[in-house]
1. Can you tell me the FRET efficiency between residue 13 and residue 144 if r is taken as the Cβ-Cβ distance and R0 is 51 Å, rounded to the nearest 0.05?
2. Neighbour counts of other C-beta atoms within 10 Å: give me 14, 108 arranged from fewest to most.
3. Want the number for residue 237 to residue 75: 0.36 nm per residue separation, take away the alpha-carbon distance, what's left?
4. How many nm separate the modelled label positions at residue 183 and residue 50, each set 7 Å beyond the Cα in the direction of the Cβ?
């Protein structure tokens, strides 16, 4: 069911041909963006910032160009109304979900619960798998890691203040310094710059993942099963309509 829904609404048929100008612009700007990031990190030269941000903007625009192509294809394929086409698409998705699940929209939550229970039992009774990433970082222990990090920093500062003869400046003295405003502006600029860079990296990752999965899902690769199922469950949750709302 999940694969059928994914192919219907997110299939390869909605994207441009592989050898098209849209994909060429997307690929070139994406490579340029990551190349400039690597150059900036390696040479640590600020002049590379401008071309890097330019490549990032062009990459995002090329991705939006592809998304616009996909939206036009969806409008034509599903024959969406000219007025409120997005609302009409949601209605079409809801009707399709009702058809493939054989359940009314008011029971979509029950379908989601059933899928979640099946996945839990599958993980519980399947042979154990080693998650190497969790050996390095476990999201469930984020609070403990933050607490340990803060405690370690406090201990480090306390040890430094005890072992050094140099009097450490207080926070108030540092804030009263004439150059404090300049430091603050520089830190703010660095924070904004890093945010823009990481936003571009995250956006690129999400776009590459979405495009790759739309291609690989055509051949029912096992790699795409979780992504397709996640997309299906999200659609069920978003299109769920309680009985008293219908």
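All of the numbers you see were taken from the coordinates with simple rules; none came from a lab. Since the model is a prediction, treat every value here as computed from it, not as a measurement. Methodologically, a virtual Cβ is constructed for each residue, glycine included, from the backbone with ideal geometry; neighbour enumeration extends over all protein chains shown.
1. So the FRET efficiency works out to roughly 0.60.
2. Working: 14 18, 108 23.
The order, fewest Cβ neighbours first, is 14, 108.
3. Full extension of this stretch gives 56.0 nm more.
4. Rounded to a tenth, the inter-label distance reads 3.1 nm.
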